[in-house]
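**Q** Sharing a structure below in structure tokens format, with a few things to ask.
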Amino acid sequence: MPVDIVVPPLSQTMDTLILVEWLKQPGEVVKKGEMLFSVETDKATLEVESPASGTIFAVFAKPQSEIEVRSVIGKILLPDEDPQSAGEKLDQAEVSKQLESKIRRTPEKVKQPVKASSSSDRIFSSPRARRLAEHHHIEINELSITGSGPRGMIVEKDVQAVVGQIDFSSERADDRLEEIPQSNVRKIIAERMMYSHLNSAPVTYMCECDATDLMEYRKSLIEKNASVNYKPTFTDLFIKITCQLLQNHPLLNATFTDDQLKVYKSMHIALAVDTPRGLIVPVIKNAGQMNLMEISRNREQLVDRALSGKLNPDDLTGGTFTISNLGTLGIDFFTPIINPPQVAILAIGRIREVPAVYNGKIHIRQLMGVGVTCDHRVIDGAPAARFLRDFCNFIENTHQTEFNIF
């Protein structure tokens with residue numbers, strides 16, 4: 001029998017995903033493990049592998065559809081199967097009708113400035129071409145042009161040619177505000193943040209700590225390891241410090257679902273990363289078992305994959321505690337939103353040079369704003385305050401602790 005193409009659960013908190021595109025079409029041969037289709041989660045665009053080798057027999061969901069996790073969206077005919085001789089006649093219209101409750105269309109896009117009747121029901125286009133068309137509010141599926149790419153695929157230069165023919169003078173005369181349609185990822189992020197806000201009891205605790213000792217400690221680390229050119233970032237140090245503190249504050253290293261609190265021994269630290277596509281939160285697995293250099297290497301690799309859009313599903317799941325560092329953007333304090341189903345998130349502000357009292361005298365010190373947001377349903381104010389107090393004590397006395405660096 002044909003093998004079902006099933007939507008995998010790629011997000012801890014989402015029951016639906018957005019089908020971006022099919023990478024194989026009905027009638028095409030596919031190998032097991034070959035990328036079959038791509039989807040958008042609340043964190044990234046991911047490609048999904050084929051569950052079997054064979055021929056694409058049928059697909060039931062169209063691109064830009066909202067599809068339920070674990071629903072069947074297509075069939076693969078095995079190499080030794082023949083649909084007619086085996087009696088496998090699939091009524092695609094009937095299957096689509098049955099799946100209508102599981103596959104929901106995303107809202108139609110804003111009317112486009114260029115419209116033309118499509119000469120084919122199937123139009124292939126490159127990702128760069130689609131991004132350019134979306135930027136100019138052009139519906140690429142309605143362009144009556146023949147692409148210059150392989151198999152008539154519409155590529156970026158084809159869209160550039162169409163853009164050059166559009167007269168934008170009337171819109172410029174209107175002097176209207178720019179209308180920017182929200183991407184599917186942006187919509188999902190919005191839904192996820194509203195879910196967190198409405199389904200938790202977030203309370204943020206803030207304080208200011210003296211990071212002078214931390215800065216001197218990092219400087220000494222760089223000088224001692226100049227031969228291997230190792231330069232740990234402040235974020236690397238924050239991750240290491242957080243892991244050590246969570247051993248004494250285990251309730252913050254937890255998730256809360258279905259009225260059940262799950263406290264974890266291992267620290268899987270999620271790190272908020274700003275990317276062109278939106279906020280991505282990849283996870284450093286078992287960070288508590290890593291030395292400082294291992295944390296640096298894993299953090300750097302995850303951030304690089306996040307910025308290039310090459311994260312895999314495993315990179316985005318399993319987080320038990322999140323760190324968000326906006327210090328590089330000049331922010332002193334902020335109230336981050338908890339990353340469900342986690343129960344706490346650490347907010348780190350910039351380190352700034354200010355006059356402050358130290359040992360009874362005025363000195364120039366490096367002060368830093370920090371905060372922790374906790375779900376008050378499971379974490380009271382006192383445990384959260386103790387965690388933040390210990391974090392600041394660690395920052396202010398970094399030299400008194402020996403990190404396992406290598």
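The values are calculated or read from the model by the stated rules, or taken from the named source; none is laboratory data. Keep in mind it's a predicted model, so treat the numbers as computed, not measured. Here Cβ is always computed from backbone atoms with ideal geometry, including for glycine, and neighbour counts include all displayed protein chains. Note: accessible area is taken over every heavy atom of the protein model, side chains too, but ligands, DNA and RNA are not part of it. Shrake-Rupley method; radii C 1.70, N 1.55, O 1.52, S 1.80 Å.
**Q** With respect to residue 233, is the statement that it is closer than 21 Å to residue 394 by Cα and surrounded by fewer than 17 Cβ atoms within 10 Å (Cβ to Cβ) true?
**A** Considered against the rule, which asks whether it is closer than 21 Å to residue 394 by Cα and surrounded by fewer than 17 Cβ atoms within 10 Å (Cβ to Cβ), residue 233 comes out as yes.
**Q** Scan segment 313-328 for residues that are in a loop (DSSP other than H, G, I, E, B) and under 15 Å from residue 275 (Cβ atoms) and report the count.
**A** Matching residues across segment 313-328 total 1.
**Q** Test of understanding: among 331, 239, which residue is part of a loop (DSSP other than H, G, I, E, B), modelled with pLDDT of 95 or more and either within 22 Å of residue 194 (Cα to Cα) or not hydroxyl-bearing (Ser, Thr, Tyr) (or both)?
**A** 331
**Q** I'd like to verify a number: residues in segment 219-241 that are of a type in the set (Val, Ile, Thr) and under 21 Å from residue 352 (Cβ atoms), how many?
**A** So the answer is 4.
**Q** Report, by residue number, each residue of segment 265-276 that is open to solvent by less than 30 Å² (accessible area, probe 1.4 Å) and small (Gly, Ala, Ser).
**A** Result: 270, 272.
**Q** Next question, about the same structure. If you scan segment 356-393, which residues turn out to be crowded, with 21+ Cβ neighbours inside 10 Å, in contact with a helix residue (DSSP H, G or I) (Cβ under 7 Å, 6 or more places away or on another chain) and part of a helix (DSSP H, G or I)?
**A** 387, 391 - these are the residues of segment 356-393 that are crowded, with 21+ Cβ neighbours inside 10 Å, in contact with a helix residue (DSSP H, G or I) (Cβ under 7 Å, 6 or more places away or on another chain) and part of a helix (DSSP H, G or I).
**Q** Of the numbered conditions (1) modelled with pLDDT of 75 or more; (2) among the charged types (D, E, K, R); (3) in contact with a strand residue (DSSP E or B) (Cβ under 9 Å, 6 or more places away or on another chain); (4) open to solvent by 50 Å² or more (accessible area, probe 1.4 Å), residue 223 satisfies every one except a single condition; which is it?
**A** All conditions pass for residue 223, except number (3).
**Q** Right, something else. Given the residues 219, 231, 262, which is the only one that is in a strand (DSSP E or B), out of contact with any Gly (no Cβ under 9 Å at 6 or more places or on another chain) and without any contact (Cβ under 8 Å) to a residue 24 or more places away in the chain?
**A** 262
**Q** What is the one condition in (1) closer than 30 Å to residue 309 by Cβ; (2) in contact (Cβ under 8 Å) with a residue 60 or more places away in the chain; (3) open to solvent by less than 10 Å² (accessible area, probe 1.4 Å) that residue 281 does not satisfy?
**A** So the condition that residue 281 fails would be (3).
**Q** Yes or no: residue 296 of a type in the set (Gly, Ala, Ser), without any contact (Cβ under 8 Å) to a residue 60 or more places away in the chain and within 28 Å of residue 44 (Cα to Cα)?
**A** Taking the combined requirement at face value, the residue does not satisfy it.
**Q** If you don't mind, there's one more thing I want to ask. Looking at segment 89-97, can you tell me whether even one residue there is assigned to a loop (DSSP other than H, G, I, E, B) and modelled with pLDDT of 80 or more?
**A** Within segment 89-97 (the criterion being assigned to a loop (DSSP other than H, G, I, E, B) and modelled with pLDDT of 80 or more), the answer is no, since none of the residues qualifies.
**Q** Of the conditions (1) modelled with pLDDT under 95; (2) over 18 Å from residue 343 (Cβ atoms); (3) among the hydrophobic types (A, V, I, L, M, F, W, C), residue 281 fails just one. Which one is it?
**A** All conditions are met except number (2).
**Q** Hey, does segment 330-351 have a residue that's at positive phi, open to solvent by 70 Å² or more (accessible area, probe 1.4 Å) and not polar (S, T, N, Q)?
**A** Among the residues of segment 330-351, not one is at positive phi, open to solvent by 70 Å² or more (accessible area, probe 1.4 Å) and not polar (S, T, N, Q), which makes the answer no.
**Q** Turning to a different aspect of this structure: Can you pull out the residues in segment 239-268 that are among the aromatic types (Phe, Trp, Tyr) and over 22 Å from residue 302 (Cβ atoms)?
**A** Once the filter is applied, which keeps residues that are among the aromatic types (Phe, Trp, Tyr) and over 22 Å from residue 302 (Cβ atoms), segment 239-268 yields only 256.
**Q** Among 11, 85, 71, which is the only one that is closer than 30 Å to residue 258 by Cβ, modelled with pLDDT under 90 and of a type in the set (Gly, Ala, Ser)?
**A** 11
**Q** Among the residues of segment 243-264, is any more than 24 Å from residue 376 (Cβ to Cβ), of a type in the set (A, V, I, L, M), surrounded by 15 or more Cβ atoms within 10 Å (Cβ to Cβ) and modelled with pLDDT of 95 or more?
**A** no
**Q** Working only within segment 48-58, note down all residues that are in a loop (DSSP other than H, G, I, E, B) and either of a type in the set (A, V, I, L, M) or in contact with a helix residue (DSSP H, G or I) (Cβ under 8 Å, 6 or more places away or on another chain) (or both).
**A** Listed by number, the list holds a single entry, 52.
**Q** Within segment 1-47, track down each residue that is open to solvent by less than 30 Å² (accessible area, probe 1.4 Å), outside any loop (DSSP other than H, G, I, E, B), closer than 30 Å to residue 343 by Cβ and β-branched (Val, Ile, Thr).
**A** Scanning segment 1-47 gives 16, 18, 39.
**Q** Looking only at segment 1-36, which residues are free of Cβ contacts under 8 Å to residues at least 24 places away in the same chain and within 13 Å of residue 65 (Cα to Cα)?
**A** none
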